[in-house]
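What follows is calculated from the coordinates using simple rules that are stated; it is not laboratory data. This one's a predicted model, so the numbers in the text were calculated from it and none came from an experiment. With ideal geometry, Cβ positions are generated from the backbone for all residues, glycine too; neighbour counts draw on all protein chains shown.
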Amino acid sequence: MLKICLQDFDGSCKGSAASGEWGRPIENMAKGRPMLEKKARIAGDAEIVDDAIMSRRSVRAFLPDMVDDHTIRDILTVAARAPSGTNMQPWRVYVAKGGTKQRITDAIMNSGIRAEKADWDEYRYYPTQFFEPYLTRRRANGFGLYGALGIGRREVDKMRAQHDRNFVFFDAPVGMIFTIDRRLNQGSWIDYGMFLQNIMVAARGRGLHTCPQAAFAPYHRQIRPVLDIPDEEIVVCGMALGYEDTSKPENAFRTDRVPLEEWVKFSE
Ligand SMILES: Cc1cc2nc3c(=O)[nH]c(=O)nc-3n(C[C@H](O)[C@H](O)[C@H](O)COP(=O)(O)O)c2cc1C
């Protein structure tokens, strides 16, 4: 087994996955990643880490190819290294595949509750009224995605059909539903975001793609009985995990970002 050296920036080895510091050993993490000299290693690490972050995007069409449980466990184990206030680790994950995933889809699609009528009664992801600059950014996102799919601005039925693709996890072989104890506070939701991002980045390290999906949150009543989610937990969101279907037009859509100058202020 490869020994993964968790080197600090001074180059000293602080521990290793093989020695069990992360709990369970993660055998395939260091594949194709030889130990480098300190400087080269730092430069190489920046490239690897930046690549994983920069190549993450929301993929909305997946191949049927299965992701094995070992890989899913590794991704979640790595992701759970996310920081959390006083190490409370507020995440709870329900991994659904095969028949269970299908039952989530069926429960939502047979509910007769259209997404635009669905009640966000557990938490509100979006503001009640959109305002600038967020309204423009949101619109650009919608037009960009529908544009890639050739859906016109008045083709409401096609837009709905595309939105419903959320509920088949965009055909990904793995769907995850994330919950949080409802007694926890906003701080734990910050921690949760870091955990979710870690999953998406760790997935990239393994050639996998993801799409985070708040669309599931208002359907918690349909999802709860399928996954046996207790009332004490709020459904935060879902996530599709799998291999990208590069032949699908929706995956050609790329989002941009506001330039740094517009949201950062340096002071001395
Ligand atoms: C918490 C969260 C929930 C999201 N929910 C959905 C969703 O339900 N359906 C969807 O298609 N995209 C969803 N997205 C993806 C965003 O639309 C996407 O992140 C954004 O447009 C930026 O694009 P990128 O992820 O490709 O960089 C969600 C993103 C986040 C972070």
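List of remarks:
- Residues that are in a helix (DSSP H, G or I) and surrounded by fewer than 17 Cβ atoms within 10 Å (Cβ to Cβ) within segment 54-85 comprise Met54, Asp69, His70, Arg73, Gly85, listed in sequence order.
- Filtered residues of segment 228-239 (kept if surrounded by 17 or more Cβ atoms within 10 Å (Cβ to Cβ) and either among the aliphatic types (A, V, I, L, M) or part of a loop (DSSP other than H, G, I, E, B) (or both)): Ile229, Ile234, Val235, Val236, Met239
- Residue in segment 198-221 that is under 22 Å from Asp164 (Cα atoms) and away from the ligand (no atom under 12 Å from the Cβ) present: yes
- Candidate set: segment 142-157, residues that are over 25 Å from the mean Cα position of the chain (by Cα) and surrounded by 14 or more Cβ atoms within 10 Å (Cβ to Cβ); chosen: the one nearest to the ligand (Cβ to nearest atom): Ile151
- From the options Ala203, Ala172, Ala161, residue that is crowded, with 19+ Cβ neighbours inside 10 Å and over 20 Å from Ile53 (Cα atoms): Ala172
- Residue in segment 185-195 that is over 18 Å from the mean Cα position of the chain (by Cα) and surrounded by 21 or more Cβ atoms within 10 Å (Cβ to Cβ) present: no
- Verdict on Ala118 being within 14 Å of the ligand (Cβ to nearest atom) and surrounded by 13 or more Cβ atoms within 10 Å (Cβ to Cβ): yes
- Number of the condition not met by Arg139 [criteria: (1) within 13 Å of the ligand (Cβ to nearest atom); (2) in contact with a strand residue (DSSP E or B) (Cβ under 9 Å, 6 or more places away or on another chain); (3) more than 30 Å from Val67 (Cα to Cα)]: (2)
- Members of segment 240-268 that are touching a Ser or Thr at 6+ places or on another chain (Cβ under 9 Å), of a type in the set (A, V, I, L, M, F, W, C) and not in a helix (DSSP H, G or I): Ala240, Leu241, Phe253
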